[in-house]
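Values in this text are rule-based calculations from the coordinates and carry no lab data. Everything quoted here is computed from the prediction, not taken from an experiment. Here the Cβ positions follow ideal geometry from the backbone for every residue, glycine too, while neighbour counts run over all protein chains shown.
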Amino acid sequence: MKKFLILQLRPETDASDDEYAAILAKCGISADQTHRIRVDQEDIPAGLDVTDYAAVIVGGGPGCVSDTPEQKSAQEARIERQILDLMPQITAQDHPFMGCCYGLGILAEHLGGEVSKERFGEPVGASTCGLLPAAVEDPLLADLEGEFDVFVGHKEAVQSLPPGTVHLIHSVSCPIQMIRYGQNVYATQFHPEADAKDFERRIRIYRNHGYFPPEDADRLIEACHAADVTVPGEILRRFAARYA
């Protein structure tokens, strides 16, 4: 069986390890079924062929695609360049892909969409999303609840539907929450890997990174545990099951 290629961007080891464990848990796969690359620490191998893998999953990270070159650290610029360099392969071959949060920005940027901080940034916490008509026949979304809560937290967002994509999930606060390109290339603005415990740890790690006032951390953690966020994990499970 081919492995899943997991590309991670978070420079904080505890956050990266937590995210990796969450992806494994929600996908229902084991570590030996994956090839994990922490792009913050190592380069993606030159000549990597995505078709050697069952699917590619890109995690979230603190970087912003819409930042100017002057605003990006050397590490952020290198990570972005390496992930973007894989996208022509993925979209041309319609290779299974799931971009989580940052991964949506990368896909939209590659397709010529607009990613910016102008509108639709969302504070850390739960947000209510809804399925759009195209979701009815999508294998990852068919028969799910019409509305459900997700965990979000992002400074930038996709401003309009990128060319050639299908709009699957929306919300009032951020219209573009999930899209598909072709039949197998997906990306979400929300975090499909995260449950309340995952987000609690992430809030503690990123409390001083500008996503929210540090003094709000305990309130945000309490709100996360009060939310009922289960559907996003099912979406990720279906993705892994479809392409394993």
At 222 nm, what helix-only mean residue ellipticity would the chain give, in deg cm²/dmol to the nearest 500, using -39500 (n - 2.57) for each DSSP H run of four or more? -10000 deg cm²/dmol
With the dipole of the chain worked out from charges on the C-beta (+1 for Lys and Arg, -1 for Asp and Glu) around the Cα centre, which of Met98, Tyr53, Phe199 lies farthest toward the positive end? Tyr53
Of all DSSP beta bridges with both partners in segment 4-243, the antiparallel percent, nearest 5, is 55 percent
Label-point separation (nm) for Asp218 and Gln75, each offset 7 Å from Cα along Cα-to-Cβ? 3.0 nm
Farthest positive-ward along segment 4-243 dipole, Cα basis, beta-carbon charges - from Gly121, Ile83, Ala15: Ile83
20 Å cut-off, amide nitrogen to a point 7 angstrom out along Asp49 Cα→Cβ, residues in segment 84-116: 85-97
Out of His154, Val172, Pro213, whose Cα points farthest toward the positive end of the dipole of the chain (charges: +1 Lys, Arg; -1 Asp, Glu; placed on Cβ)? His154
Semi-axis lengths, Å, segment 4-243, gyration tensor of Cα atoms, sqrt of 5 times eigenvalues: 23, 21, 19
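Using only alpha carbon pairs under 8 Å that are at least six residues apart, calculate the relative contact order of the chain and give it in whole percent.
Details: 476 pairs, mean separation 54.4, N = 244.
Averaging sequence separation for qualifying contacts and normalising by length gives 22 percent for the chain.
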Explain nothing, just the number: dipole magnitude of the chain about its Cα centre with +1 on each Lys and Arg Cβ and -1 on each Asp and Glu Cβ, in debye rounded to the nearest 20. 300 debye
Inter-probe distance in nm under a simple model that places probes 7 Å from Cα toward Cβ, at Leu84 and Gln41: 2.6 nm
